[in-house]
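The values are calculated or read from the model by the stated rules, or taken from the named source; none is laboratory data. Model, not experiment: these values are computed from the prediction. Positions of Cβ are generated from backbone atoms using ideal geometry, with glycine treated the same way; all protein chains shown enter the neighbour counts. Keep in mind that these areas ignore ligands, DNA and RNA; they rest on the heavy atoms of the full protein, side chains included. Shrake-Rupley method; radii C 1.70, N 1.55, O 1.52, S 1.80 Å.
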Amino acid sequence: MGDLCADFDSIVDLDGKHLQQGRLDGIRDGKILGLREGWDSGTRHGFNLGSEIGFYAGCALVWKHYADRDPALFSERGRRGISAIQKAIDEFPVLNPGDESLQDRLTALRSKFKAVSAMLGVRYQNEAKEESSAFAF
């Protein structure tokens, strides 16, 4: 009877050991997967943010070029708006993603861009078109 109890205890201990080892393996693998997913997500969001800021910077640069070439093309208010966009882009915390004001600054830059582009009479088309969810047969 003693051998049977010892055998049963070793089976219970073996199950507990495998359970503990599986838990440790899961924690280790979860950390690795979390780092990979975090890297991928951060890269994707950083690319999107950089593309958006670059778009605004490019537009402001072209507008400024044309405003310098032909001062009568845009009003004084429009030229000040272009300068305000360029200043906001220069002050944008692109190298500090942990900056708490980043989202507020991005919202302000978007608003400024929309206001200035409307003021200048410039229309742009967003390339990121939503795909239709309706199926056509």
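Across region 85-102, what is the number of residues that are among the aliphatic types (A, V, I, L, M) and assigned to a loop (DSSP other than H, G, I, E, B)? Going through region 85-102 one residue at a time, the tally reaches 2.
Apart from one condition, Gly30 fits all of (1) surrounded by fewer than 13 Cβ atoms within 10 Å (Cβ to Cβ); (2) in contact (Cβ under 8 Å) with a residue 40 or more places away in the chain; the exception is (2).
Is it the case, given these coordinates, that Glu76 is within 30 Å of Gly38 (Cβ to Cβ), modelled with pLDDT under 95 and over 14 Å from the mean Cα position of the chain (by Cα)? No, not satisfied.
Criterion applied to Ile85, Ile53 was being at pLDDT 95 or above, open to solvent by less than 70 Å² (accessible area, probe 1.4 Å) and either within 20 Å of Tyr124 (Cα to Cα) or within 28 Å of the chain's Cα centre (by Cα) (or both), and the one residue passing it is Ile85. Restricted to region 88-137, and to residues there that are in contact with a Ser or Thr (Cβ under 9 Å, 6 or more places away or on another chain) and open to solvent by 100 Å² or more (accessible area, probe 1.4 Å), the residue that is modelled with the lowest pLDDT is Tyr124.
Taking Leu4 as the residue in question, decide whether it is at pLDDT below 85 and open to solvent by 90 Å² or more (accessible area, probe 1.4 Å). Criteria met by Leu4.
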